[in-house]
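A short reminder: the numbers here are calculations on the coordinates, not readings from a lab. In this text, all values refer to a predicted model and were calculated from it rather than measured experimentally. Ideal geometry is used to build each Cβ from the backbone, glycine not excepted, and the neighbour counts take in all protein chains shown.
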Amino acid sequence: MDGAAIVSDSASLEVVSDEALHRPPTHVGKIVDDSIRYVHKEKDFISLLSSTPDTVSYRSEDLGSFLIQYIVEVFNTCSHEDDIDELFRKVMQRFEDFPDETKRQMPTKDRCTLTRRFYLFPSN
């Protein structure tokens, strides 16, 4: 499987899918009527898992998953100023004060292919 995908800034119907054949852009002088380029299929991707491999993920009977609780808490308080990578770090840090002294859980970023900072609420 190829790791690249075709992306276009055109709303043209000639660009149907990543696997479709595409017409090349026409050039008039230095002006291009369509911008088609290849990008990696998993570019700009980040995932956060609830626990490290081969460990359990705990939940509260009343409130549910600790990961979801902490994501809601951190995103509600910090998403207006922090990028997604920093938000995930803050969620992970939240687990250092786990409510049960006899149990431990540590979320982990499975993989991250962000090449730039990504903000949920970018400033204008």
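Numbers for the structure displayed
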{"read-out": "Chain lengthening between Arg117 and Asp54 when straightened (0.36 nm per residue, less Cα-Cα)", "value": "19.7 nm"}
{"read-out": "For peptides 74-85, 93-104, 43-54, sequence by mean Cβ density within 10 Å, most packed first", "value": "74-85, 43-54, 93-104"}
{"read-out": "In Hz, Karplus ³J(HN,Hα) per residue of segment 106-119 (6.51, -1.76, 1.60; θ = phi - 60°; x = Gly, Pro)", "value": "9, x, 9, 6, 5, 6, 9, 10, 6, 9, 9, 6, 10, 10"}
{"read-out": "Rg in Å to one decimal, and Dmax rounded to a whole Å, for segment 46-112 via C-alpha atoms", "value": "11.8, 34"}
